[in-house]
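Written below as structure tokens is the structure these notes are about.
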Ligand SMILES: Cc1cc2nc3c(=O)[nH]c(=O)nc-3n(C[C@H](O)[C@H](O)[C@H](O)COP(=O)(O)O)c2cc1C
């Protein structure tokens, strides 16, 4: 089939917008933020990725709530332009999912789901103590995306990574052991995958004159 999503997001026989199944797996940024009043927030975002390695830059995209209000993560970065992108390994998947519940503003998801936090080094939001890796970020740009037909709109939050935590136990021969990291990623619907199998390919050498 071919269709124009500006006309319908899920024309028959589709029953759901397939974008999340087509752009997948998506890494999950488990984003901790803090309000000006010091209220800590933690929520997962799979509209998350790295967009530059040098300097390291990542982004995540919170959309607006059904009533049009900003999600807490976005409210917080407007007040304190810093966040931590915690890496989700398979044993943390359940806790990550629990932090996605629509808790009222000001509720600390670390406390709500009984997760230990650890202080960050260079930014104010704390990090997930049990995460094998975490990226401390300073917001360098915010971009408002156009609203969809539902009226909901996303913002892209771009952050320069200024501090990187890696569990030393995962560093093997100068590399991060990806199987040990067992990173969880988002598929479509309620589905996830985790890194359990890896294959490698050497990139082709330059061809031509
Ligand atoms: C795996 C996963 C990925 C998610 N990705 C996003 C996302 O990219 N953008 C978004 O707006 N919400 C996403 N959500 C939903 C938010 O986590 C949820 O709305 C959360 O309550 C937002 O929290 P906050 O209001 O504390 O910022 C995701 C949820 C899960 C479980």
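Couple of notes before you dig in:
- Note on the range 9-87: Kirkwood radius taken over Cα pairs, Stokes-Einstein applied at 20 °C and 1.002 mPa s, translational D equal to 150 µm² s⁻¹.
- Note on residue 162 and residue 98: the extension gain reaches 20.3 nm, defined as 0.36 nm multiplied by sequence separation minus the Cα-Cα distance.
- Mean separation of Cα contacts under 8 Å, 6 or more apart, over the residue count of the range 96-165: relative contact order %: 24
- Kirkwood hydrodynamic radius of the range 1-137, from the reciprocal of the average inverse Cα-Cα distance over all distinct pairs: 16.2 Å.
- Ordering of 55-65, 22-32, 101-111 by burial proxy (mean other Cβ atoms within 10 Å per residue, highest first): 22-32, 55-65, 101-111
- Distance between the 7 Å Cα→Cβ label points at residue 206 and residue 113: 4.7 nm.
- If R0 is taken as 22 Å, the Cβ-Cβ distance between residue 197 and residue 53 corresponds to a FRET efficiency of 0.35.
- Nearest-0.05 FRET efficiency for residue 79 and residue 9, computed from C-beta distance (R0 41 Å): 0.80
- Comparing Cα centroids, the range 109-142 and the range 153-189 end up 13 angstrom apart.
- Ellipsoid semi-axes in whole angstrom, largest first, where each is sqrt(5λ) of the Cα gyration tensor of the range 52-197: 26, 18, 17
- Computed over the chain, the per-residue total of -39500 (n - 2.57) for DSSP H runs of n ≥ 4 gives a 222 nm mean residue ellipticity of -2500 deg cm²/dmol, rounded to 500.
- Mean separation of Cα contacts under 8 Å, 6 or more apart, over the residue count of the chain: relative contact order %: 23
Any read-out appearing in this document is the output of simple, stated calculations on the displayed coordinates, not a laboratory observation. Keep in mind it's a predicted model, so treat the numbers as computed, not measured. Cβ sites come from the backbone with ideal geometry, for glycine too, and all protein chains shown count toward neighbours.
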